[in-house]
């Protein structure tokens, strides 16, 4: 890139080594902050490690509580599965009942009525049963 002429350099003040002390970017974009401090966070050695236990006497109740919590979580997961299955079965049963009702309505609308002699014979047969 060719060097800028001296006239333009003095007018624009374009010196790459100079820092913008007038905060001209901040005036144009006030949401920009001048300085943002960064704090160093100490990394966790192992966030999944269980806290070490000082006394052996404290370990038994802690293990008992952990075991009870694990059982509750397992039971809840099992009940959630059963609940989802029951919900799905209820939905499927409702769909099956609706399909059967539509079929029966269609059957009754499209099947012609029996002639009178056949209807009397059908009533007599139904009375025997």
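Before moving on, here are some points about what is shown:
- Of everything listed in (1) part of a helix (DSSP H, G or I); (2) at pLDDT below 90; (3) surrounded by 10 or more Cβ atoms within 10 Å (Cβ to Cβ), the single unmet condition for residue 53 is (1).
- Residues (out of contact with any helix residue (DSSP H, G or I) (no Cβ under 7 Å at 6 or more places or on another chain) and assigned to a loop (DSSP other than H, G, I, E, B)) located in region 108-129: 111, 112, 113, 115, 129
The values are calculated or read from the model by the stated rules, or taken from the named source; none is laboratory data. The shown structure was predicted, so the numbers you read here are calculated from the model rather than taken from an experiment. Neighbour counts are summed over all protein chains in view; Cβ atoms, including those assigned to glycine, are modelled from backbone coordinates with ideal geometry.
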